[in-house]
Amino acid sequence: LALDDTTLAIQGPPGSGKTTIAKIIAEKTNSEFYQINAVSSGVKDIRSIIERAELNRKMNKRTILFIDEIHRFNKEQQDALLHSVESGLVTLIGATTENPSFEIIPALRSRARIYVLDNLSKEDLQAILDFALTKDEFLSKLKIEPVDSDFLIYLSGGDARIMLNILEAAVIQEIDSDPIKVSKEVLENIVQK
């Protein structure tokens, strides 16, 4: 994130890392991070964050406002962001599964750097799964037999979040087994529930 970037739009399918990217940017730029969801938030929430951003600016701290599902914000809600984005008071990161060209107002879009994320590949999902099994503070401490990763990846539909949620639910269901077996049958049972 360059110091002059005031707006980013991240388009991609569910579970492809849009929120994670925003959090990494906030951490790497030492910015205050605020996250809202466009479905459940409105202009009042935006104004509250802008007030906090004004305090941050006085302390020489950057503010990042991450809006998930920004395509759900109407024109009035997006207009409420415009002055704060133009002045650099907040860095706006909007995540969307829709094409930003049609869903974000031109005034914001013209100031945005747009990133398009692809679906996660099978290799990407396998790497995420391997990392979770070896590095996650909960999973790494358990004795888990090899997971039917091909089937788990298939069940996830390419969504890393869904894959990890299914895995965690399967492990919890089988927690009393030694070793824990995350078989195809266990995975099917979790998905059916």
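Nothing in this text is a laboratory measurement; each read-out follows from the coordinates by a stated rule. Just so it is clear, the model here is predicted, and its values are computed rather than measured. Here the Cβ positions follow ideal geometry from the backbone for every residue, glycine too, while neighbour counts run over all protein chains shown.
Results, tabulated for the structure shown:
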{"item": "Histogram of C-alpha separations across the range 6-91, 10 Å bin width, %", "result": "17, 53, 28, 2"}
{"item": "In degrees, nearest ten, helix 43-58 long axis to first principal axis of the chain (Cα)", "result": "80"}
{"item": "Cα-Cα separations in the range 107-167 greater than 12 Å, expressed as whole percent", "result": "71"}
{"item": "Under 26 Å from the Cα of LYS135 - lysines, other chains or at least 8 residues apart", "result": "LYS18, LYS23, LYS28, LYS122, LYS143, LYS181, LYS184"}
{"item": "Using alpha-carbon coordinates, inclination of helix 122-135 to the longest axis of the chain, degrees", "result": "80"}
{"item": "Answer label, with semi-axes √(5λ) of the Cα gyration tensor in Å calculated from the coordinates and candidates [x] 30, 21, 15; [y] 38, 18, 14; [z] 24, 19, 16", "result": "[y]"}
{"item": "Label point 7 Å beyond Cα of ILE175 along Cβ direction - residues of the range 126-153 with amide nitrogen under 15 Å", "result": "137-144"}
{"item": "Cβ-based charge dipole, the chain, positive-most Cα from ILE93, ILE10, ALA53", "result": "ALA53"}
{"item": "Net charge dipole size for the chain [Lys, Arg +1 and Asp, Glu -1 on Cβ; Debye, nearest 20]", "result": "860"}
